[in-house]
Amino acid sequence: MENKIRNVAIIAHVDHGKTTLVDKMLLAGKLFKDHEKPGELILDNNDLERERGITILSKNVSIRYKDVKINIIDTPGHSDFGGEVERVLNMADGVLLLVDAFEGPMPQTRFVLQKALQLGLKPIVVVNKVDKENCRPDEVHEAVFDLMFNLDATEEQLDFPTLFGTAKHGWMSQDWRNPTSDITPLLDAILDHIPPPRVSEGTPQLLVTSLDYSAYIGRIAIGRLNQGKLTANQPVALVKRTEPFSEAGSRTCLSTKDSNGKRPMK
């Protein structure tokens, strides 16, 4: 089952086209039905995010491509939210480094990329906006390599694949001079180069990195399964850092409703 999953985070400087690329990935994964019109900036649903045009809170969404589930983690692109980025990178096995074909890697990208490399994540470089006037995709590609080398990337990380394209017009290619008709080359690169998650056997252990709430489901804990397996209706114990473990009173259930018809924490 693990081989059918890819966990990938997207990191980029502000206004390099990250949220637009996520939109195109969601559409390519057929997340919406033909009659649905999700619009633009799908994951930036926070009013402040839409007003300022930046991603503030990290979000995750899943698509299916070639029978593989791709978990996409959209991360903030501003250095002020670096702590948010560092926290959610623990959920990923690889990253898409998105850079502008004219501006190249920016200082705020350096911090996030360094954290990703230190965690041993496999990078895929996406040079976006190759339709810009005076763009320099080949020079930007070399600049990204130099940046990774200066950040002490391993030989395996330096052997990164590179895709060129324009998220705005919905295409990606291995050669920016030969546009394609869609972004499937990027999705293929994720399947080929991002490793599947490694989950060891044993008692289930889920590291919670984000909390959410739904009026329908209730409290939601989002995280990464590091050990064991989780199934519906399976009793689990909630372990807190500041409290001694006590199974009694700390049990919850991975089902939509408990025996009393109430919705427990997931």
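Rule-based calculations on the coordinates, nothing more; no lab input. Just so it is clear, the model here is predicted, and its values are computed rather than measured. Note that we place each Cβ from the backbone using ideal geometry, even for glycine, and neighbour counts take in every protein chain shown.
Under 5 Å between amide hydrogens, built in the peptide plane, is the criterion, and for ALA92 it picks out nothing among residues at least 5 positions away or on other chains.
Annotation: amide H-H contacts under 5 Å for GLN234 (H modelled 1.01 Å from N, sequence separation of 5 or more, or interchain): LEU254. Legend: ranking of residues LEU238, LEU163 from fewest to most surrounding C-beta atoms inside 10 Å; resulting order LEU238, LEU163.
For a quick check: sort HIS141, HIS169, HIS193, HIS13 by the number of other beta carbons within 10 angstrom, fewest at the front. Walk me through the numbers before you get to the answer.
Working: HIS141 19, HIS169 13, HIS193 16, HIS13 22.
Sorted ascending by nearby Cβ count, the order is HIS169, HIS193, HIS141, HIS13.
Couplings 3J(HN,Hα) of the range 213-228, computed from phi: 9, 10, 5, 8, 8, x, 6, 10, 10, 10, x, 10, 7, 9, 8, x Hz, in residue order, whole Hz [Karplus 6.51 cos²θ - 1.76 cosθ + 1.60, θ = phi - 60°; x for Gly and Pro].
Which of the GluC sites (Glu not before Pro) across the range 148-226 are loop residues per DSSP, with 10 or fewer other Cβ within 10 Å? Spell out each step's value before the answer.
Numbers: sites: GLU155, GLU156, GLU201; in loops: GLU201.
Listed in order of number, the matching sites are GLU201.
In the structure shown, do any of LYS115/LYS229; LYS18/LYS115; LYS122/LYS240; LYS4/LYS129; LYS66/LYS229; LYS24/LYS229 have a Cα-Cα gap over 26 Å, and if so which? Among LYS115/LYS229; LYS18/LYS115; LYS122/LYS240; LYS4/LYS129; LYS66/LYS229; LYS24/LYS229, the Cα-Cα distance tops 26 Å for LYS115/LYS229; LYS122/LYS240; LYS4/LYS129; LYS24/LYS229. Each Lys or Arg adds one and each Asp or Glu takes one away; over the other residues whose Cβ falls under 15 Å from the Cβ of GLU156, this sums to -4.
Could you list THR209, THR166 in order of exposure, starting from the residue whose Cβ has the fewest other Cβ atoms within 10 Å?
Details: THR209 17, THR166 24.
Taking fewest neighbouring Cβ atoms as first place, the list is THR209, THR166.
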